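Novice: Below you will find the structure I want to go over with you.
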Amino acid sequence: MSNVKKSIIIFTLFLLCAFIVLHILVVSSSSFQEPEKSDSILVLGYGLIDGEYPDEWLEYRLKKGLELYNNGYGKYIIVSGGKGPKDNIPVAYAMKKWLVDKGVPVENILVEDKAINTYENIVFSKSLMELNDIKSVVVVTSDFHIFRSMLISRNHLENVSGASSHSEGFIKKTLSYIREDIAVLKYLIFKK
């Protein structure tokens, strides 16, 4: 076997091992998140049903954010999510309505309605936090999404902790984890 072939095999094995380690980190990271008492709770957006109602996984995120709010983990809840191509309203508006319907006072909900990806959720919410003199935050998202969300958050926010909501559906969840592995690699390379 030539040296070039050996090098290709070694490099391929290295990449495979690195990808496996990354996947283990992404899958296990939700177990290591401990929310800390903060000024605010940032709930990251997800999908809508019929373009205006939170889907199941977004409801899980909202329930986790509401649980933290009710337990005194933050005075404010920041909802972040823009309008997708099939949405009638920005995701953040649907999230706000859901929280208001559950009894959260309107004045305690801050809306970031422009973000269309996780990076923008964090960066745009940071601007909102600065405008409202918010110094600390608990980031709430799905279990499969918490690793990348915290990676981005720790690069852009100070005094940040995380909390993950569960998600159901074996196939959908498995595909989401694989997508996250790729998204983490993309973020590590492009920082966006």
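The values are calculated or read from the model by the stated rules, or taken from the named source; none is laboratory data. What you are looking at is a predicted structure, and each value in this text was computed from that prediction instead of being measured. We place every Cβ from the backbone using ideal geometry, glycine too, and count neighbours over all the protein chains shown.
Novice: Residues in segment 47-91 that are part of a helix (DSSP H, G or I), of a type in the set (Ser, Thr, Tyr) and more than 20 Å from residue 145 (Cα to Cα): how many?
Specialist: 1
Novice: Among the β-branched types (Val, Ile, Thr), in contact with a strand residue (DSSP E or B) (Cβ under 9 Å, 6 or more places away or on another chain) and part of a helix (DSSP H, G or I): does that describe residue 146? Reasoning before the result, please.
Specialist: Numbers: among the β-branched types (Val, Ile, Thr): yes; in contact with a strand residue (DSSP E or B) (Cβ under 9 Å, 6 or more places away or on another chain): yes; part of a helix (DSSP H, G or I): yes.
It is true that residue 146 is among the β-branched types (Val, Ile, Thr), in contact with a strand residue (DSSP E or B) (Cβ under 9 Å, 6 or more places away or on another chain) and part of a helix (DSSP H, G or I).
Novice: Given the criterion closer than 30 Å to residue 116 by Cβ, without any contact (Cβ under 8 Å) to a residue 12 or more places away in the chain and of a type in the set (Gly, Ala, Ser), identify the matching residue among 31, 38.
Specialist: Details: 38 fails: without any contact (Cβ under 8 Å) to a residue 12 or more places away in the chain.
Criteria check complete, one pass: 31.
The rows are residues; the columns are (1) basic (Lys, Arg); (2) outside any helix (DSSP H, G or I); (3) more than 15 Å from residue 35 (Cβ to Cβ); (4) in contact (Cβ under 8 Å) with a residue 24 or more places away in the chain.
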{"site": "123", "(1), (2), (3), (4)": "no, no, yes, yes"}
{"site": "151", "(1), (2), (3), (4)": "no, no, yes, yes"}
{"site": "163", "(1), (2), (3), (4)": "no, yes, no, yes"}
{"site": "175", "(1), (2), (3), (4)": "no, no, yes, no"}
{"site": "180", "(1), (2), (3), (4)": "no, no, yes, yes"}
{"site": "186", "(1), (2), (3), (4)": "yes, no, yes, no"}
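Novice: From the residues in segment 4-34 that are at pLDDT 80 or above and touching a strand residue (DSSP E or B) at 6+ places or on another chain (Cβ under 9 Å), which one is surrounded by the most Cβ atoms within 10 Å (Cβ to Cβ)?
Specialist: Among those that are at pLDDT 80 or above and touching a strand residue (DSSP E or B) at 6+ places or on another chain (Cβ under 9 Å), it is 33.
Novice: For the condition surrounded by fewer than 17 Cβ atoms within 10 Å (Cβ to Cβ), aliphatic (A, V, I, L, M) and more than 11 Å from the chain's Cα centre (by Cα), what is the one hit in 128, 188, 110, 157?
Specialist: Sole residue among the options that is surrounded by fewer than 17 Cβ atoms within 10 Å (Cβ to Cβ), aliphatic (A, V, I, L, M) and more than 11 Å from the chain's Cα centre (by Cα): 188.
Novice: Among the residues of segment 8-51, what is the count of those that are within 30 Å of residue 88 (Cβ to Cβ) and hydrophobic (A, V, I, L, M, F, W, C)? I'd like the intermediate steps shown before the answer.
Specialist: Here is the first cut: in segment 8-51, the ones within 30 Å of residue 88 (Cβ to Cβ) are 40-51.
Narrowing further to those that are hydrophobic (A, V, I, L, M, F, W, C): 41-44, 48-49.
Residues in segment 8-51 being within 30 Å of residue 88 (Cβ to Cβ) and hydrophobic (A, V, I, L, M, F, W, C): 6 in total.
Novice: To continue, here is another question. Looking at this structure, is residue 120 charged (D, E, K, R) and under 14 Å from the mean Cα position of the chain (by Cα)?
Specialist: Numbers: charged (D, E, K, R): yes; under 14 Å from the mean Cα position of the chain (by Cα): yes.
Considered against the rule, which asks whether it is charged (D, E, K, R) and under 14 Å from the mean Cα position of the chain (by Cα), residue 120 comes out as yes.
Novice: Another question, then. Which ones in segment 160-175 are surrounded by 18 or more Cβ atoms within 10 Å (Cβ to Cβ) and either β-branched (Val, Ile, Thr) or farther than 30 Å from residue 130 by Cα (or both)?
Specialist: Within segment 160-175, 160, 167 meet the criteria.
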